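Single-structure report; data block below.
No value in this document is a laboratory result; all are computed from the given coordinates. What you are looking at is a predicted structure, and each value in this text was computed from that prediction instead of being measured. Cβ placement follows ideal geometry from the backbone for every residue including glycine, while neighbour counts extend to all protein chains displayed.
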Amino acid sequence: MDISKVAQEIIKNLGGKENILVINNCMTRLRLNVKDQEKVNFEELKNSDYIMRVIEDDTLQLVVGPGKSKKIADEMRNQCDLKNNFNEDWVKNKEEIKKKQGRLSRILKSLANIFVPLIPAIIGAGLLNGIAGYFQNVYTVQGIKELPLWITFFQTLASGLFGYFAIFVGINAANEFGATPALGGVIGAITLSPNINIFSNVLGLYNSEIPLNSILIPGKGGVIGIILGVAILAFVEKKLRTVIPDFLDTILTSTLSLLIVGTLTIFVIMPFAGFVSDIIIKVFSFFIMSEGPMAIIGGFILAMSFLPLLMVGLHHGLIPFYMVQLTQTGAISLFPILCMAGGGQIGAAAAIYVKAKKNEKLRNIIRSAMPVAILGIGEPMLYGVTLPLGKPFITASIAGGFGGAFLAMMKVQTIAFGPAGITAIPLVVPGKILYYFIGLLISYLAGFIITYLFGVPKNIND
């Protein structure tokens, strides 16, 4: 594939350089905003050999596959001279875009815009942290107190992201909401300050017996508080600029914005966001961390609902919930449960492969998509096989639910999040890896059986 020619062709079909506002990418897809969608040649994009699927929305999504999305996005930015994914035209056009979107869809897409750029760092840091954590537990069980230096080194590398995750979120949220990125980073950094404990003590908000139950401590509210704080920051900045003279703007706007929003963040937003986070954790605990039938039902529903979210590109909106769990409990139960959806899809594709003996084109697609699906990238299989055929999409979703129910019942958790499938095994907490693997096998098997019996179209060989 000639990346330069591919980028040139996509730009042409998007209506030219002047029609493109924003070029972003995640692991498998390009995320694009254009000025005028009527200038986009959707027919040519859909018929392109290098685009698996086109999702027509206000944020146009082109699924190109793993390893290609970033290369194509970078080349498109170079050809369009878009060094940053943020410009004045986007600010002017944003209100029109918002009017066209549903509220829930708009919220999830905003969350995706904040967290998608962080995914490569999350994956890299998460895997390093997972490997270090696994061997640290192994050495601890063996009674070895002095850990090898490489474990500390891996943890140091991982802490570069997770230790200052709040700052990264603040900067990206500022870009999304139209605030000053540096001030957004400061709002994120404020939530980490150890001095917050001093204010909490003075106001009687600190629980000395159980610090984590305090109304106000560093990190309280997590990413929810940061996103709320930066959203308010964007509003305050814009209002201040309407009343502050231009010659004082540089000095007063940033100072007053930080004073006003920083105060609100510490004393109002963090306690409120902490209250919301506690409720979220209680809901998750009720559905997937409780004992008996409720955990099974909750795990089934959550895993079954993931493929529809992936289909419309809203799955990244779940990242804040991962972070809430990770911050409050030190582990994530939601992520491994959702990973089972991919397992159901792999089993469904295997059943289709067995029955489509005369459809060599479809079998070739399955053969090419299967390796990356097993490694946790399910979109090629989703858009190339299960979704176009219809029924297998439904049976794959149901099958993933069985794996999710098993993981919820066995209380499987991870210490980070990243790609799904077998790639997530190093992230699973020690002692639960076998259960995670069994959950995958359940999803594979259920996907194969249910699809083989009920999900393969009768004309599969036509």
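Here are a few things to note about the model shown:
- Peptides ranked, highest mean first, by Cβ atoms within 10 Å: ranges 298-304, 417-423: 298-304, 417-423
- Options F284, I144, A121, ranked by Cα towards positive dipole end of the chain, top entry (Cβ charges): F284
- Along the axis of the charge dipole computed for the chain (Cβ charges of +1 for Lys and Arg, -1 for Asp and Glu, origin at the Cα centre), the listed residues I224, P457, I167 are led at the positive end by P457.
- Structure-based [θ]222 nm, the chain - -39500 (n - 2.57) summed over DSSP H runs of at least 4, per residue, nearest 500: -19500 deg cm²/dmol
- Cβ crowding within 10 Å averaged over residues, with 127-137, 26-36 ranked highest first: 26-36, 127-137
- Inverse mean reciprocal Cα-Cα distance (Kirkwood Rh) of the range 293-455, Å: 15.3 Å
- Across the cross-link table entries K12/K35; K5/K71; K220/K432, which are compared at the Cα atoms, the separations over 18 Å belong to K220/K432.
- Added length on full extension, which subtracts the Cα-Cα distance from 0.36 nm per residue, V268 to F454: 61.6 nm
- Between S285 and S48, the FRET efficiency from the beta-carbon distance, with R0 = 60 Å, is close to 0.85.
- Under-5 Å amide H pairs with V64, H placed in peptide plane, nonlocal only: R29, L30, M52
- Counting neighbouring Cβ atoms within 10 Å and putting the fewest first, the residues T265, T156, T451 line up as T156, T265, T451.
- Ordering of 319-325, 305-311, 335-341 by packing [mean C-beta count within 10 Å, highest first]: 335-341, 319-325, 305-311
- FRET efficiency for Y164 and D246, using Cβ-Cβ distance with R0 set to 51 Å, rounded to 0.05: 0.90
- Only the Cβ atoms of Lys and Arg (+1) and of Asp and Glu (-1) were treated as charged; on that basis the dipole of the range 293-455 about its Cα centre amounts to roughly 460 debye.
- Counting other Cβ atoms within 10 Å as a rough exposure proxy, the listed residues I366, I23 run I366, I23 from fewest neighbours to most.
- Contour minus Cα-Cα distance for T255 and I55 (0.36 nm per residue): 67.8 nm
- Length-normalised contact order for the range 111-232 - Cα pairs under 8 Å, 6+ apart - percent: 23 percent
- Distance between modelled label sites at L149 and I297, nm, 7 Å Cα→Cβ extension: 5.6 nm
- Think of each Lys and Arg Cβ as +1 and each Asp and Glu Cβ as -1; about the Cα centre, that makes the dipole of the chain roughly 920 debye.
- Going from the fewest other Cβ atoms within 10 Å to the most, the residues I332, I122 appear in the order I122, I332.
- Extension gain from D278 to V354, taking 0.36 nm per residue of separation minus the Cα-Cα distance: 22.6 nm
- The range 164-280, Cα convex hull volume normalised per residue, Å³: 98 Å³
- A run of the chain free of exposed loop cleavage sites, with GluC sites (Glu not before Pro) counted only in DSSP states other than H, G, I, E and B and at most 13 other beta carbons within 10 Å, reaches its longest extent at 292-462.
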